[in-house]
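Just below is one structure, and these are the notes that go with it.
Quick note: the coordinates plus some simple rules give every number you see, no bench work behind them. Nothing here was measured: the structure is a model prediction, and the numbers come from that model. With ideal geometry, Cβ positions are generated from the backbone for all residues, glycine too; neighbour counts draw on all protein chains shown.
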């Protein structure tokens with residue numbers, strides 16, 4: 001199934017390290033996943049699990065001391081990590097755009113909305129100002145903001161509107177993949193729902209794929225097609241969104257799910273997960289979740305367990321055996 | 001008293017005894033603009049409620065709805081423009097109008113959203129917990145205070161206490177710091193804790209631990225919590241009653257589970273429809289009302305939600321409706337119900 005259509009993005013065995021004074025921090029370790037055309041792929045996990053580092057790696061905007069130490073990032077078959085100079089500049093934004101965390105504060109406060117939009121269009125498409133202005137008006141239409149507001153400065157718009165402007169800028173060059181890193185975390189729920197519905201609508205019209213990053217698992221399950229769960233720099237489970245909710249396998253995924261009280265149904269006591277995520281300067285040997293795991297059976301390993309397929313489309317990295325499997329440990 | 005989340009607590013006492021905390025018609029207007037062009041930001045408008053021992057009351061709403069200001073008014077960090085705060089039936093604003101007494105501050109404690117900013121970075125945890133104990137004279141010797149610190153750390157789930165007392169905030173995770181903040185509030189044996197978004201800055205996997213600690217303190221120590229949050233699901237999880245705030249007004253209030261099953265105010269309905277709820281089926285209903293909270297600076301009369309409300313009538317533009325009780329412990333302020 002994965003072979004029939006070429007994925008938009010194919011990340012293979014990616015390693016990223018932060019070279020600090022106290023030693024290397026392995027922020028991303030051996031992560032592999034692919035995003036299909038038109039798919040919303042969710043990457044969930046707690047702070048510092050490496051999800052934003054992956055997003056920055058795709059666009060090659062990691063800042064020192066972060067370095068990519070291994071793996072490949074294939075965009076429609078060509079390796080992003082080997083792109084140089086003008087190629088990477090053409091790739092950024094035109095092919096893959098990004099809505100950053102707290103994006104609504106990423107607008108330049110002293111430049112009118114109009115110029116923030118037209119600058120992108122003029123630089124990348126080589127159109128003149130009047131043509132760019134026309135396109136900017138269309139984009140404002142797309143994200144449901146009155147054209148008049150093009151003359152406004154960012155501080156004159158509400159948080160939700162600024163976020164829409166950022167989405168308009170991300171859409172400006174009709175990319176094939178949009179990376180959204182906690183796009184609505186700073187917004188209220190009503191605005192959040194409104195914006196996500198709008199993105200969904202735009203996705204249907206334009207047909208782009210989305211890499212959706214958030215720590216809010218409830219939101220992610222609602223919005224994504226497939227979900228990868230990350231813990232301490234590693235991908236520990238990957239499955240269709242419905243499966244993550246109904247048949248989570250990895251104890252960490254189960255713990256995360258039991259960290260979100262439900263808004264309906266019986267009020268049951270939830271436990272969350274004991275302890276805290278590990279320090280990545282000195283992570284636990286073997287399975288990184290072991291010290292917090294409720295299901296750990298005393299098995300010691302030298303290496304972290306690798307992701308393996310336990311049911312069609314459902315991968316998990318856990319040394320435990322799961323029903324319907326011959327042998328768990330690889 | 002040993003109830004699971006989900007059971008409703010019956011009010012003890014009833015007739016004759018004054019509730020632990022009662023707030024009546026609390027109003028806070030902040031002056032804004034220049035002295036020549038003075039305007040007022042109406043942050044809190046006519047908020048009234050009761051909080052009793054061993055009860056968790058949640059105050060939910062979007063940013064800018066006035067929920068944090070309400071907590072700060074009760075903590076006496078701001079001076080209210082109007083209104084009464086009654087502790088055991090006595091009006092504390094009359095007795096101590098400008099500044100809260102030490103006794104009041106002992107009984108009413110507050111914990112804040114940011115566990116990184118609310119602890120002193122250069123004092124050990126033990127020292128930070130010892131201070132309130134000595135200031136409020138709960139222990140007379142240093143040794144006794146130290147023993148008390150260990151007990152507090154243990155209550156807050158920070159083990160082993162002897163080791164934790166010697167640590168500095170930077171050595172602790174966010175969840176542990178919030179537990180320290182709770183332990184510090186507990187140091188003076190408060191009867192009420194005002195918890196302003198205590199879990200929203202914490203990593204998701206450790207949030208439930210902090211909420212469960214609050215629940216334990218309510219059950220075992222009978223502490224009353226005012227739980228301020230934007231997260232309706234967590235309010236439903238821990239709170240006996242939930243109040244929904246919009247633009248400075250409490251628009252609906254009821255027993256938490258019942259309120260969220262049967263929301264009546266159009267704003268509560270909107271808010272609930274926007275909460276991600278994967279268990280109810282993927283990509284559920286559309287949001288019906290666009291727009292955001294209106295400006296709070298000298299707002300026009302009438303219901304603040306009217307400009308966004310699908311059911312708005314003429315009356316909604318003119319007056320804010322009074323409280324209407326629609327079932328036991330469930331009331332709202334909406335003209336749709338005023339005529340009935």
Percent of Cα-Cα pairs per 20 Å bin, from 0 to the last occupied bin, for chain A, please list those.
-> 30, 56, 14, 0
Given the peptides B:99-105, A:183-189, arrange them by the average over their residues of other C-beta atoms within 10 Å, most packed first.
-> A:183-189, B:99-105
Treating each Cα of chain B as an identical point scatterer and ignoring solvent, apply the Debye formula and state log10 I(q)/I(0) at q = 0.10, 0.11 Å⁻¹.
-> -0.64, -0.77
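On full extension of the chain, what length is gained from residue A:61 through residue A:78, given 0.36 nm per residue of separation minus the C-alpha to C-alpha distance?
Going from the current span to full extension adds 4.4 nm.
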At residue A:321 and residue B:262, where each label point lies 7 Å from the Cα along Cα→Cβ, what is the point-to-point distance in nanometres?
-> 5.1
Would you mind classifying the stretch B:88-239 by shape? Square roots of the alpha carbon gyration tensor eigenvalues, ordered a ≥ b ≥ c; an a/c under 1.5 is rounded, otherwise it is prolate if a/b is larger than b/c and oblate if not.
-> oblate
Label-point separation (nm) for residue B:88 and residue B:167, each offset 7 Å from Cα along Cα-to-Cβ?
-> 3.7
Put a dot 7 Å past each Cα toward the Cβ at residue B:323 and residue A:144; how far apart are the dots in nm?
-> 3.5
Once you have a ≥ b ≥ c as the square roots of the Cα gyration tensor eigenvalues for the protein assembly as shown, tell me rounded if a/c is under 1.5, and otherwise prolate or oblate according to whether a/b is larger than b/c.
-> oblate
Peptide-level mean, for A:190-198, of C-beta atoms on other protein chains within 10 Å | 6
Which percentage, to the nearest 5, of the DSSP beta bridges contained in chain B is antiparallel?
-> 60
Calculated FRET efficiency, residue A:106 and residue B:159, Cβ-Cβ r, R0 51 Å, to nearest 0.05?
-> 0.75
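Please work out how much length the chain gains when fully extended from residue A:266 to residue A:86, using 0.36 nm per residue of separation minus the C-alpha to C-alpha distance, in nm with one decimal.
Length gained, residue A:266 through residue A:86: 59.1 nm.
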Please report the relative contact order for the stretch A:9-263, taking Cα pairs under 8 Å with a sequence separation of at least 6, and give it as a percent rounded to a whole number.
-> 27
Sites residue A:124 and residue A:20, calculated FRET efficiency, Cβ-Cβ separation with R0 51 Å, nearest 0.05 | 0.90
Antiparallel as a % of all DSSP beta bridges within the protein assembly as shown, to the nearest 5?
-> 60
Evaluate peptide A:214-220: per residue, the Cβ atoms of other protein chains within 10 Å of its Cβ; return the mean as an integer.
-> 3
222 nm mean residue ellipticity, helices alone, for the protein assembly as shown (DSSP H n ≥ 4; -39,500 (n - 2.57); rounded to 500) = -8500 deg cm²/dmol
Run the numbers on the stretch A:4-155 and let me know its relative contact order in percent, using alpha-carbon pairs under 8 Å that are six or more apart.
-> 21
Anisotropy class of the stretch A:15-94 from Cα gyration tensor, a/c 1.5 cut | oblate
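At a 10 angstrom cut-off on C-beta neighbours, averaged per residue, how do the peptides A:95-102, A:195-202 rank from highest to lowest?
A:95-102, A:195-202
Given an 8 Å cut-off on Cα distances and at least 6 residues of separation, report the relative contact order of chain B as a percent.
The normalised contact order for chain B reaches 21 percent.
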Gain on full stretching of the segment that runs from residue B:200 to residue B:63 - 0.36 nm per residue minus C-alpha separation | 48.0 nm
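How high is the FRET efficiency from residue B:102 to residue B:78, r the C-beta distance, R0 30 Å, rounded to 0.05?
0.95
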